[in-house]
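The values are calculated or read from the model by the stated rules, or taken from the named source; none is laboratory data. All of these numbers come straight from a predicted model, not from anything done at the bench. We place every Cβ from the backbone using ideal geometry, glycine too, and count neighbours over all the protein chains shown.
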Amino acid sequence: MRRSESASILHTSKESHGFTMWQYVTCLLAIMGREALRYIHQRERFISSLVRPLLWLVVFAAGFRQTLGVSIIPPYKTYILYEVYILPGLSGMILLFGGMQSSLSLVYDRELGNMRILLVSPFPRWFLLFSKLIAGVVIATVQVYAFLIIARFSGVRPPLAGYFALLPALCISALMLGALGMLISSLIRQLENFAGVMNFVIFPAYFASPALYPLWRIKETSPTLYHICLLNPFTYAVELIRFSLYCQINWTALAAVCGYTLVFLGGAILSYDPALGLTMRRQNFS
């Protein structure tokens, strides 16, 4: 009898939590503000996010400029220098590292107990995770634009209109990569293990993509690697960024990025579901 009464009270309390749109917006802004403050206090994170792609752009591209020239391929209308070609891939690298680092903070908060405070909020858990993801998208997008401004002063100058057309592609790509990192973080229980998994995910995703070499050249060299690139979600993020930077839309890449985003985000929400976690704990004890 007591169990039924407590269950009914819990059911009615859950139904009584009706939030207005302004309350949802306030919660979203609070989570974004918390992530922004954390990012501001971690200046090394901002510097490292720029140093890494700039080294590739200045050192790697300069060394391979003569040997890795790129022929005329969409969306380019003429022959291009190698540093022009790798610019979208380096922008995607920033999003990839940003998504993984944002998810790393989830593991860190879970170890310190801060995650428990966030998840006991009366707001829906999917909304809390989505708000965390949106905060990571905003931070990663700011990092990419800072990199593009520096790259423009170094001589890599896409069309000015491309900087505005690029924004939706960056947001969608960052959402997909952030959802992937969130899904991985839900499966990792210790901070040390997540750091190793990050390297296991980031480098294969980056090198098995058209970030450094065109897909047609990969197909000529290794058909097996070419098919792996076609299955790689990061491939479509890079191509979406590349076409958007020249005010064009790659519909195949757009559809793939949206599809992967739904899969990764749905998996992350289910993995952070408390009922699923309870079921997993019961299976471990049995």
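What are the pairs with Cβ atoms under 6 angstrom where one residue, in the range 176-189, is modelled with pLDDT under 90 and the other, located anywhere, is of a type outside the set (D, E) and outside any helix (DSSP H, G or I)? Sequence gap at least six, or different chains.
S186/Y272
Are any residues in the range 221-240 free of Cβ contacts under 8 Å to residues at least 24 places away in the same chain and either in a helix (DSSP H, G or I) or in contact with a Pro (Cβ under 6 Å, 6 or more places away or on another chain) (or both), and if so, which ones?
T221, P223, T224, L225, Y226, H227, I228, C229, L230, L231
If I filter the range 5-19 for residues that are at pLDDT below 85, on the phi < 0 side of the Ramachandran plot and surrounded by 12 or more Cβ atoms within 10 Å (Cβ to Cβ), do I get at least one hit?
Checked against the condition, which is being at pLDDT below 85, on the phi < 0 side of the Ramachandran plot and surrounded by 12 or more Cβ atoms within 10 Å (Cβ to Cβ), the range 5-19 yields at least one hit.
Counting only residues that are polar (S, T, N, Q) and at pLDDT 80 or above, which one in the range 20-69 is surrounded by the fewest Cβ atoms within 10 Å (Cβ to Cβ)?
Across the range 20-69, the extreme among qualifying residues is T20.
What's the total number of residues in the range 202-240 that are polar (S, T, N, Q) and in contact with a helix residue (DSSP H, G or I) (Cβ under 8 Å, 6 or more places away or on another chain)?
Of the residues in that region, 3 qualify.
Could you please let me know if E83 is of a type in the set (D, E) and modelled with pLDDT of 80 or more?
Here the answer is yes, as E83 does meet what is asked.
Mind checking which pairs have a first residue in the range 194-220 that is on the phi < 0 side of the Ramachandran plot and among the hydrophobic types (A, V, I, L, M, F, W, C) and a second that is at pLDDT 85 or above and not in a helix (DSSP H, G or I), Cβ under 7 Å, 6 or more apart or different chains?
A205/N232; A208/N232
Please work out if V138 is within 25 Å of A30 (Cβ to Cβ), among the β-branched types (V, I, T), surrounded by fewer than 18 Cβ atoms within 10 Å (Cβ to Cβ) and in contact (Cβ under 8 Å) with a residue 12 or more places away in the chain.
For V138, the condition - within 25 Å of A30 (Cβ to Cβ), among the β-branched types (V, I, T), surrounded by fewer than 18 Cβ atoms within 10 Å (Cβ to Cβ) and in contact (Cβ under 8 Å) with a residue 12 or more places away in the chain - is met.
Any idea how many residues of the range 70-80 are surrounded by 12 or more Cβ atoms within 10 Å (Cβ to Cβ) and modelled with pLDDT under 75?
1
Of all residues in the range 227-261 being of a type in the set (S, T, Y) and surrounded by 17 or more Cβ atoms within 10 Å (Cβ to Cβ), which is farthest from the chain's Cα centre (by Cα)?
Y246
Kindly indicate which of F243, F164 is part of a helix (DSSP H, G or I) and either at pLDDT below 90 or in contact with a helix residue (DSSP H, G or I) (Cβ under 9 Å, 6 or more places away or on another chain) (or both).
F243
Can you tell me which residues in the range 150-170 are of a type outside the set (D, E, K, R) and out of contact with any Ser or Thr (no Cβ under 8 Å at 6 or more places or on another chain)?
Matches in the range 150-170: I150, A151, F153, S154, G155, V156, P158, P159, L160, A161, Y163, F164.
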